[in-house]
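This report concerns only the one structure given below.
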Protein chains: 2
Amino acid sequence: MRNERASSERPHVVIVGAGFGGLAAARALAGAPVRVTVIDRRNHHLFQPLLYQVATAGLSPADIAQPVRAVLKGQRNTQVLLDKVVGIDTAARTVRLRHRAIAYDHLVLATGARHSYFGRDEWAARAPGLKSLEDATAIRRTILEAFEKAEFEDDPERRRRLLTFVLIGGGPTGVEMAGAIAELARKALAADFRTIDPASARIVLVEAGDRPLAAFPARLGEEARRNLEALGVEVRAGTRVTRIDEEGVMVGNEKVPAETIVWSAGVVASPAARWLGVEADRAGRVVVGPDCAVPGLPGVYAIGDTACWVDPASGRPLPGVAPVAKQQGAFVGRLIARRAAGDGRPARFRYRDLGSMATVGRKLAVCRFGAVQVTGLPAWLLWGAIHVLFLTGFRNRLAVASNWMWAYLTFQRGARLITGER
Amino acid sequence: MRNERASSERPHVVIVGAGFGGLAAARALAGAPVRVTVIDRRNHHLFQPLLYQVATAGLSPADIAQPVRAVLKGQRNTQVLLDKVVGIDTAARTVRLRHRAIAYDHLVLATGARHSYFGRDEWAARAPGLKSLEDATAIRRTILEAFEKAEFEDDPERRRRLLTFVLIGGGPTGVEMAGAIAELARKALAADFRTIDPASARIVLVEAGDRPLAAFPARLGEEARRNLEALGVEVRAGTRVTRIDEEGVMVGNEKVPAETIVWSAGVVASPAARWLGVEADRAGRVVVGPDCAVPGLPGVYAIGDTACWVDPASGRPLPGVAPVAKQQGAFVGRLIARRAAGDGRPARFRYRDLGSMATVGRKLAVCRFGAVQVTGLPAWLLWGAIHVLFLTGFRNRLAVASNWMWAYLTFQRGARLITGER
C-alpha cells in the first residue's frame, strides 16, 4: 500500500461505508492527528431519504448523490477507496478487500442494512427493495413501462394487472412511494395516454401492523392513512403478504394481480457481525457497548444500521434512521480523535431524538418534533425545507429545490426516463 | 389495434423514430386531418448534441431527455407507441413490430444512425460509441473508474494506461469529449485524489483527416486544434487507427496503451433501407427524391440521418446533423398534411444551412453562421445560449442552464456517479 509506506506514525482509522454514519465519522476526524481511509463499494454518498423520488421519476440520481471524494476532498488526512470489503481479520487487525488488505488501528463499521425477505429470498426478484440508485432506476423503469404496456393491452384483466402497484411495508418508504405513484398516475401522466386513463391505476399499500407509520404517534399514522386514502391509495393495515409470484401478491386472503411490486417491509444489517465473528441481534446488527465499541475488539466500532445500541431509557435498540447514524458517526469520530490524543477515559453515546417525518403527497406530510405533532401543509413545507437543508452539497440543494418548485407549479415529474436493460 | 377500430376515415400517418426529424414531422401534423402514431424503441426524445456532457459527468440523463408522450401530449390526433420496429411490408402497407403490425397510409422513417466500425465490429466492445443515455452513463463509468483504479495502482506503466483516454474521430463529438475529459481531469478532479495527479492524464484525439472538425472551415478546425492543445490534448490528425485491443490503440505506428477508448469516427444509417428493400448509399441511407419521398413507394418518406438527399447546389448529400433532420421533418409533416387535404402538387425540400458550432472547453468554441466565423469566448457564449434555447422542454432548459452556471462558477461537474453493473 502506497499510503502505508508514506506515513506510519499516525494511527490509521479505517471507516467502512460512506453513508450518513461513515461520512459523519470521517468529518469528525478532520484535522485530528490520524490518517483516515474511507472505503465504499460505490463512489457516491447517497441521500437515501429521497431515493423514492428517483424511483418515481421526480428527481435524477445526481440530485441526491455526491461523489465521496468531492465531499471529503478538503480533508487532507483522509483518503477515499472505492472497493468492496470481503472480510475482516481481527487478529491481524486488517480489513480484507478483493485484491489487498488494509491494516487499521481504529475501525468504524458503517455498512448499513439491506432488505430482508424474512427467509423468502425468492421474493426479491419479483418485489425489489429500494436501497441503491440502480434499484431506484430499475423500479422507475418498471413503473413507467407498466403504463406503456397497458396503453396497448386489449385484454381488460391484463390491463388491470399492469396498472396495479403494490407497496409492501407501511414505513416511510412505503407510504412515500404510494403517495408518489398516486400523484404520478393522477397528475403527471393524466394527459399522456390515449387509450388508458392513468388515473384509474390501483395502488395498494400493505402493512402487517395496525396502521401505516408504526414508529410514529398513532394520530400521525391515522392522518397518513387518511391522506393516502384521499389520494386513492388502498391501505391494507393488519394484513400480511403470504405469497408473491409472477401473477401478483396474495394480500391476506385476497389475490391482487400486479405487475409492479416494491418491498420495504424489513431490513437486515450488512454482514459486519459475520466479518467480526461477534454477537448479533435478530436483525443481524452488531451488539455494541454504550460507546458504540464492539465488546472484546479494542478499537472496533459499529454505528448506524449496522449496530444494535440499546437505549438505556427505553431498553430497546435505536431505530435504523439517518439521525442515529449521523450522531453515532460524529460521536465515534470525536472519540477516536480523543483516543489518538491519548485520552482513554470512558465515553457514552447519547441519542438526541429530533423527531421524524414522512410526506404523503403534494401539500401533505406528518411530522413529530419531540411532543409536537404537525400535519398537512405546514408539515409538508417543513418536510421539504429540512430535506433540502440536510442534502449533502450546495449543488444538490439547488437541483432538488428547483425540481420541486417546477413540479409544484406544473404537476409534472421531470425524470420520466425508461433506461437500462429490460 | 384499438386505435384502428376507433377511427378509420382519417389517413393514418406512422412516424418511426422520435428524434429531431420524427418529432418535427409529428409537430407539423398537429391539427391536420390525420391520425398520427409515433413509434420509438425508447420512451424519451434525446437531445444528442449534449450527450457527451452526460458521458463526462456534466449533466444528468434527465437534463437532456424528455418523455415523447410529454412532448406530444397536447396534440390530440397523435398517439405514442413504445415498441421496436422489426420490418416493413410495403405491399400490405404495414409496419411490423415485435408482437403486432400497424397499417399506414403515410410512413415517415426517421430512425437515425448508429456507429460504424468500417467492418471492424469487434472493436465495438472496446471502443463504444455515444448514441444513447445508456452509452453515456457506461462511458461515464469507464472514465471515472479509470481514475479510481489509478489511485491504487502501484505499477507506473499500468497507472499511465489507466490515465490515458483515446477519442477516435475528430468531429464535434470527439472534439467536445476530448475538451470535456481534459477539463474533468485538470479542474473538477484536481483536488480529489491523494496518490495520483488527475491533471497528468493523457488525452489523445485521433482523426484520419487533416485536422479536427473537417466539416468546418479550415480556420475554425485549426482554431479548435490550438484550443485543444492548450488544454493538453494531443491531436493526431492525418493518422488512422489500425488496431484496437485489450491493451489499447494502435495510432498509426504508435502503440497507445489506454483503458478508455471512445469511438465517434463513423456512422451508418439504421436498417430502414433494408426494411424497405430499396436503394441505399454507402452509408446505408435511403436515397430519396427532392421531396424526401422514397422512389417507387408512394406515401413513404425518409428523413434526417436515415436519408440520402442530394443537394442540387453541391451535388452532395446533406450532412447527418440535427438541423437537416428537423427541417426535413417539418417539411414532410407539412407535405403529408397537404396531401391529406387533397393537394397532390409536387414539392421540393430546401435546406437552410444555419451554420455549425462545436465547443472545445470552458470559454472556447468555434461557430460558423453562413460566411461569418466566430471563435473563443463569444463563440462559447453563443454555443451555450443556442443549445439551451434549442433544448426540448422548459424544465430541461432550466436544469441545463443552472448546471452550467454552477459548473462555470465552481469548476465542478455535478453528475460524477459510477452506476450500473461493472
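The numbers here are math on the coordinates, done by the rules we state, and not lab data. Please read these numbers as outputs of a predicted model, since none were measured by experiment. A quick note on method: Cβ atoms are made from the backbone with ideal geometry, for glycine too, and the neighbour counts reach across all protein chains shown.
Numbers at a glance
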{"read-out": "Using alpha-carbon coordinates, inclination of helix A:376-390 to the longest axis of chain A, degrees", "value": "40 degrees"}
{"read-out": "Charged-residue dipole, Cβ positions (Lys, Arg, Asp, Glu), the protein assembly as shown about Cα centre, Debye nearest 20", "value": "1200 debye"}
{"read-out": "MRE, 222 nm, helices only [DSSP H, n ≥ 4, -39500 (n - 2.57), over chain A, to nearest 500]", "value": "-9500 deg cm²/dmol"}
{"read-out": "Equivalent ellipsoid dimensions for region A:290-403 as semi-axes, Å, which come from the Cα gyration tensor, largest first", "value": "33, 18, 11"}
{"read-out": "Long-range tail of P(r) for chain B (Cα pairs > 29 Å, %)", "value": "47 percent"}
{"read-out": "Point-to-point label distance, B:Ala124-A:Ala341, nm (Cα→Cβ direction, 7 Å offset)", "value": "6.1 nm"}
{"read-out": "Prolate/oblate/rounded label for region A:70-175 (Cα gyration tensor, a/c 1.5)", "value": "prolate"}
{"read-out": "Sites A:Gln373 and B:Glu134 - FRET efficiency at Förster radius 35 Å, r taken between beta-carbons, to 0.05", "value": "0.15"}
{"read-out": "The protein assembly as shown: antiparallel DSSP beta bridges as a percent of all, rounded to 5", "value": "50 percent"}
{"read-out": "Fewest-first sequence of A:Thr164, B:Thr56 by Cβ atoms within 10 Å of each Cβ", "value": "A:Thr164, B:Thr56"}
{"read-out": "Whole-number D in µm² s⁻¹ for the protein assembly as shown, Kirkwood Cα-pair radius fed into Stokes-Einstein, 25 °C, 0.890 mPa s", "value": "84 µm²/s"}
{"read-out": "Counted charge near B:Ala199, where neighbours are those whose Cβ lies closer than 12 Å (Asp, Glu -1; Lys, Arg +1)", "value": "0"}
{"read-out": "Teacher prompt: B:Leu354 distances to equivalent labels in other copies, 7 Å Cα→Cβ, nm", "value": "4.8"}
{"read-out": "Rg over Rh, two decimals, region B:221-353 (C-alpha only, Kirkwood Rh)", "value": "1.13"}
{"read-out": "Average projected area [Cα convex hull, region A:121-265], square nanometres", "value": "8.4 nm²"}
{"read-out": "Cβ-Cβ FRET estimate between B:Arg348 and B:Arg226, R0 fixed at 41 Å, reported to 0.05", "value": "0.50"}
{"read-out": "Average other protein chain Cβ within 10 Å of Cβ, residues B:129-136", "value": "1"}
{"read-out": "Proxy reagent accessibility, fewest Cβ within 10 Å first, across A:Lys131, A:Lys363", "value": "A:Lys363, A:Lys131"}
{"read-out": "Where rotation carries A onto B, the chain A residue whose Cβ is nearest that axis, in whole Å", "value": "A:Ser60, 2"}
{"read-out": "Between 0 and 90°, nearest 10: helix B:133-151 axis offset from chain B longest Cα axis", "value": "10 degrees"}
{"read-out": "Copy-to-copy label separations for A:Glu254, where each label sits 7 Å from Cα toward Cβ, in nm and ascending", "value": "7.0"}
